[in-house]
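Reading through the structure tokens given below for one structure.
Read-outs: derived from the displayed coordinates by stated rules, not from any lab. The model shown is predicted, which means the values in this text are computed figures rather than measured ones. Virtual Cβ from ideal backbone geometry, glycine too; neighbours counted across all protein chains shown.
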Amino acid sequence: MINKSDFKLLIVKTEKDVFKEAAKIVCNEIKKKPNLVFGLATGKTMKPFYKELIYHYKKHHFDFSRVKTFNLDEYYPISGKSRNSFRYFMEKNFFRHVNIKEENIHFLSGNTKDYEKECKNYERMIKEEGGIDLQVLGIGVNGHIGFNEPNSSFQSLTRMVKLSKSTIKQNSKYFFNENFPKYALTMGIKTIMNSKKIILIAVGKKKSVAIKKTLSGKISRKIPASILRRHKNVEFIISSDVASDLKLSI
Ligand code: PGA
């Protein structure tokens, strides 16, 4: 049984509604704070979400010029120029379509030699910007957030991680002409939890088990996203197919 009083859960009819609702929240936050520090995610779920934001930019002249971004993660090793990199994904699916300034974009470098220094610098830069105001998250079928795979410490900061078999299986479908990296650099769970506001979006039946385990039962390292229930300002936005197995108590 899920106790909804612990967190905000919005169940909407269609996938499109998920992206619309999430984009509405983002635009409201940017209206309140035009220099929002915005934590971004990649993955299949995020493409239509960025499309919604681009729609707001084009249709309503929504202004991203003062927004600062920090992406959650990047494969390691990989060049930011590779078509498989998350840096490339962001450029293609979001950055180049809106008026975000290059100098306001922050990314973990997948081809740094000194990854420890890179990760420490990332934490420092987030702090210097006053922390992440709004972090948007997807969820892996194994409950991961960012690349914080099952059993990641809830105290973890930005670091290098080994990718799980499940993640390699899911993500290698979208890879071409390059060996799939075994590692990644990712914000830690603590880094994510330090965000002032978090929205997690999930669509499609295959996410229903991960969402059920995230929202019900024990908060456990086995399901990294479950820790989000301890966050003071988190909202889960999911489509009805994801929610079909949930038993809610209101
Ligand atoms: P997906 O990835 O949107 O491609 O399913 C989500 C995630 O792994 O966080």
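Quick notes on this structure:
- Taking other residues whose beta carbon is less than 14 angstrom from the beta carbon of SER195, and scoring Lys, Arg as +1 and Asp, Glu as -1, yields +3.
- Extension gain, ASN121 to ASN99, is 5.4 nm, computed as 0.36 nm per intervening residue step minus the present C-alpha separation.
- Global geometry of the chain, whether rounded, prolate or oblate, following the gyration tensor of its Cα atoms and the 1.5 cut on a/c: rounded
- Near-label residues of segment 136-150 by backbone N, under 16 Å of a point 7 Å along Cα→Cβ of ARG229: 143-144
- Cβ-based charge dipole, the chain, positive-most Cα from GLY146, ASN93, SER244: SER244
- Cα gyration tensor category, rounded, prolate or oblate, for segment 144-250 with a/c compared to 1.5: oblate
- Using C-alpha pairs below 8 Å separated by at least 6 residues, the relative contact order for segment 139-250 is 34 percent.
- Euclidean distance of C-alpha centroids, segment 119-138 and segment 1-52, integer Å: 18 Å
- Cβ charges +1 (Lys, Arg) and -1 (Asp, Glu), total dipole of the chain, debye: 540 debye
- Fewest-first ranking of CYS119, CYS27, using other Cβ atoms within 10 Å as the exposure measure: CYS27, CYS119
- Cross-link table LYS24/LYS44; LYS92/LYS173; LYS44/LYS207; LYS127/LYS190; LYS16/LYS169; LYS81/LYS196, entries beyond 22 Å C-alpha to C-alpha: LYS16/LYS169; LYS81/LYS196
- With only the Cα atoms considered, segment 13-90 has a convex hull volume of 102 Å³ per residue.
- Shown is the FRET efficiency for LYS165 and SER220, computed with R0 = 25 Å from the Cβ-Cβ distance and rounded to the nearest 0.05: 0.80.
- In percent, rounded to a whole number, the relative contact order of the chain is 29, using alpha-carbon pairs under 8 Å and six or more apart.
- Normalised per residue, the volume of the convex hull around the Cα set of segment 137-184 (Å³): 87 Å³
- Segment 38-156 pair-distance distribution - Cα-Cα, 10 Å bins, rounded %: 12, 43, 36, 8, 0
- Taking amide H positions as modeled 1.01 Å from N, with prolines and chain starts lacking one, the residues under 5 Å from LYS197 and 5 or more places away or on another chain are LEU134, GLN135.
- Helix-only CD estimate at 222 nm, as mean residue ellipticity for the chain, using -39500 (n - 2.57) per DSSP H run (n ≥ 4): -9000 deg cm²/dmol
- Gain upon complete extension [LYS31, TYR55; 0.36 nm per residue less C-alpha separation]: 7.0 nm
- About its Cα centre, the dipole of segment 51-152 is roughly 440 debye, where the only charges are +1 on Lys and Arg Cβ and -1 on Asp and Glu Cβ.
- Exposure proxy for LEU134, LEU157: other Cβ atoms within 10 Å of each Cβ, ordered fewest to most, give LEU157, LEU134.
- Virtual spin-label span in nm between PHE175 and LYS205, 7 Å along Cα→Cβ: 2.8 nm
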